[in-house]
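Presented below is the structure to which this report refers.
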Amino acid sequence: MPQSRTAIFRIALVTSITSASILLAGSAAAGTTSDDDDDLQAWMDSITGASNADPAATATTTASTSATTTTKASPEVNRSVEIKNDDGDSHVRIQLGVGIVQDIDLENIPLDAGTILGLSNGKVSLDPGIDFQFTYARRLSGDLFLNFSTGLAYNSVSEISGTIFTPDGFGGILTGDLVGGSGHLGQIPLMAGLEYTFDFSESLSASLHGSVGIQYSYADVSDVTTPGIVGASVGLNGGSVSFRGQVGAEISYSISSNMRLGGYARVSTSGSTNFGPATFDGVGLIGVDDLKAEKIMGIALGASLVITF
């Protein structure tokens, strides 16, 4: 019996030792596997450049970077050219308004051996009258136009002033002041020039004009009395062609696709104008020297209509 107890004890001891050995070996094997896994992950990280950062943080950073890159786009450059609405390569302009002519100074006529009529300080005063002008314009380039103009300016005579003197036939000189007068002055220009048009808005525009050419000016004057010369009434009927220049401005508003209505202002001047010799009703005299205007200057204001085509 003691021997059998000894045998059983030995078997239990061997079994315990064997079990402990097996447990120790398993624990060691598990530790080795974990270390090997860590070494393998470190090697892979070194090859791929990856980090052990938190995947969620990495995803957030990537999304933020992507959003930043997307919103940081290059500014859009507007390369379109604004094209002006083409209102036609040609247009006509009709201007109608009031014409104001400054007092016209007449050139002095000295009294000498060959002259039967002398004049000093002669002046023609005119009432405001009618100004009309018609213009055709053709586009040269962009907003620059070549234009051709004609028209009519008509002013009534308000009065004629000055002093005339003539020999009395007995070695003396008769003098008298010019008083009164009726009649009219007409001006017909024919010019060519340039105009430049620019827009304030789609409907409101303005233009500047400048023209040169010729002008026919004529005067028909009568009923000018000379109290110092009894029975004499002075008249004038004649005209001539002279140089003319003018500048003007216009502002207009579109009332339809091809019509503009607006207003204009214009300043004009012409050179010396020859009205011919004066006539004397009642005494049978006629002036030998012609009556000449030094210049004719006028201002015109009115309404304009522009039709494009």
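Odds and ends about this structure:
- Residue in region 162-172 that is hydrophobic (A, V, I, L, M, F, W, C), touching a Lys or Arg at 6+ places or on another chain (Cβ under 8 Å), closer than 17 Å to LEU291 by Cα and assigned by TED's automatic domain parsing to the domain that holds GLY276 present: no
- SER242 vs. criteria in the same structural domain as LEU117 (by TED's automatic domain parsing) and surrounded by 14 or more Cβ atoms within 10 Å (Cβ to Cβ): yes
- Of the residues making up region 206-218, not a single one is in contact with a His (Cβ under 9 Å, 6 or more places away or on another chain), at pLDDT 95 or above and β-branched (Val, Ile, Thr).
- Checking each residue in region 166-179 for being under 55 Å from the mean Cα position of the chain (by Cα), crowded, with 16+ Cβ neighbours inside 10 Å and either among the charged types (D, E, K, R) or in a strand (DSSP E or B) (or both) picks out GLY176, VAL179.
- Qualifying residue in region 181-193 (condition: surrounded by fewer than 14 Cβ atoms within 10 Å (Cβ to Cβ) and either under 39 Å from the mean Cα position of the chain (by Cα) or not polar (S, T, N, Q) (or both)): yes
- When the criteria are applied in full, VAL98 fails the requirement of being among the aliphatic types (A, V, I, L, M), crowded, with 20+ Cβ neighbours inside 10 Å and assigned by TED's automatic domain parsing to the domain that holds PHE275.
- The set of residues in region 140-165 being crowded, with 17+ Cβ neighbours inside 10 Å and within 15 Å of LEU208 (Cα to Cα) consists of PHE145, ASN147, SER149.
The values are calculated or read from the model by the stated rules, or taken from the named source; none is laboratory data. Keep in mind that what you see is a predicted model, and the values were worked out from it rather than measured. Quick reminder, even Gly has a Cβ in these numbers, built from the backbone with ideal geometry, and neighbours come from all protein chains shown.
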